[in-house]
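As structure tokens, the structure follows; a few thoughts come after it.
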Amino acid sequence: MFNSIAAVYDRVNRITSFGLDGYWRNRLIGILKERGSRQALDIACGTGALSWAINRKLQIPVTGLDLSAQMIHEAEKKKGQKMAPHTSPPVFREGCAEKLPFADQSFDAVTIAFGIRNVEDRAAALSETNRVLKSGGSLLILDFGRPDHPVWRFVFRCYFFGLLPLIGYWVSGNKEAYRYLPRSVDHFPKPADFCRELTASGYSHTSYISYTGGVAILYSGIS
């Protein structure tokens, strides 16, 4: 499914989020900067939007990992147009979140943007992120949420389940991919419950921040 929409993935995200996807990623990058992160692993990197943004704004080495070969291809196509001065470009490779192809304590930051919902065995993936993080390293996970305010929740659900799939289908030609998105968000745990999953995987100081009325949630944990 993700291979089939890779070429239009960035365009659909910008259109359907009204450009807010970039704002949400920048909030994540701001936390990485505050914590002095020096080397990041971006899991479920997709077309590399977050990988490239971290590399460009923080000028640190970034490794992007994704299961989709076409997504990796699109990420690598951005070399040359999104280069950070005096920093090597991100390295992209295919791989599975549940079995990361990296040694223990290889990174001081791990990020996952809009990808944790797609992981089949979430507990295994979270355990793996903890394994590859250095002691005191940061896990930052950005994903969609479900607004709490009843009016905003009603508006959001009308758009997310009604209009968004139509826009996604119109731009990408793939009907199922953008029906899958709202279903996957609906089945994801509530923020407090997901923080408990992070704690169960060995993370401390787990917390979350809501953006845009709860449309996006940024989770944080310390290894």
When the chain is fully extended, how far beyond the present Cα-Cα distance does R14 get from R35, taking 0.36 nm per residue of separation?
4.8 nm
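Under the rule a/c < 1.5 gives rounded, and otherwise a/b versus b/c splits prolate from oblate, where does the range 67-223 land using the Cα gyration tensor?
Values: a/c = 1.87, a/b = 1.20, b/c = 1.57.
Judged from the Cα gyration tensor, the range 67-223 comes out oblate (a/c at least 1.5, b/c at or above a/b).
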Rounded to the nearest 20 Debye, what is the dipole magnitude of the range 1-65 about its Cα centre when Lys and Arg each give +1 and Asp and Glu each give -1 at the C-beta?
220
With labels modelled as points extended 7 Å from the Cα through the Cβ direction, what inter-label distance (nm, one decimal) is found for K77 paired with W170?
2.3
Here the FRET efficiency for R131 versus S207, based on Cβ atoms and R0 = 22 Å and rounded to 0.05, is 0.55
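Once you charge only the Cβ atoms, +1 for Lys and Arg and -1 for Asp and Glu, what is the size of the charge dipole of the range 123-216 about its Cα centre, to the nearest 20 debye? Don't jump to the answer; show the numbers that get you there.
On the way: 10 positive and 7 negative charges, 20 e Å.
Approximately 100 debye in magnitude.
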Proximal aspartates and glutamates to K175, defined as alpha-carbon separation beneath 20 angstrom and excluding residues fewer than eight positions away on the same chain:
D10, D186
Relative contact order, percent, of the chain when contacts are C-alpha pairs under 8 Å separated by at least 6 residues?
20
Ordering T87, T111, T212 by how much accessible area each has at a 1.4 Å probe, largest first, what is the list?
T212, T87, T111
Using +1 at the C-beta of Lys and Arg and -1 at the C-beta of Asp and Glu, which of L65, H187, A53 has the Cα lying farthest in the positive direction of the dipole of the chain?
A53
Which of the aspartates and glutamates could a cross-linker bridge to K134, judged by Cα under 20 Å and excluding same-chain residues fewer than eight apart?
E34, D42, E98, D104, D108, E197
Report the local net charge at S17: Lys and Arg +1, Asp and Glu -1, summed over other residues whose C-beta lies under 12 Å from its C-beta.
+1
Ignoring ligands, DNA and RNA, please state the percent of accessible area on the range 95-181 from carbon and sulfur, probe 1.4 Å.
58
Hey, what did the range 102-183 get for relative contact order, percent, Cα under 8 Å, at least 6 apart?
28
Only residues of the range 156-173 count here: report those whose backbone N is under 19 Å from the spot 7 Å along Cα→Cβ of N3, or say none.
172-173
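With respect to the cross-link table entries K33/K99; K78/K190; K77/K190; K33/K79, which display a Cα-Cα separation exceeding 29 Å?
Those over the limit are K78/K190; K77/K190.
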Checked against the positive end of the charge dipole of the chain (+1 on Cβ of Lys and Arg, -1 on Cβ of Asp and Glu, about the Cα centre), the farthest of S138, Q81, I31 is Q81
Roughly how many debye, to the nearest 20, is the charge dipole of the chain about its Cα centre, given +1 on each Lys and Arg Cβ, -1 on each Asp and Glu Cβ, and no other charges?
580
Keeping every protein chain present and rolling a 1.4 Å probe, give me the accessible area per residue for the chain in Å².
47
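The values are calculated or read from the model by the stated rules, or taken from the named source; none is laboratory data. Since this is a predicted model, take the numbers as computed values, not measurements. Note: ideal-geometry Cβ built from the backbone for every residue, glycine included; neighbour counts use all protein chains shown. Calculation scope for accessible area: heavy atoms of the full protein, side chains included, ligands and nucleic acids excluded. Shrake-Rupley method; radii C 1.70, N 1.55, O 1.52, S 1.80 Å.
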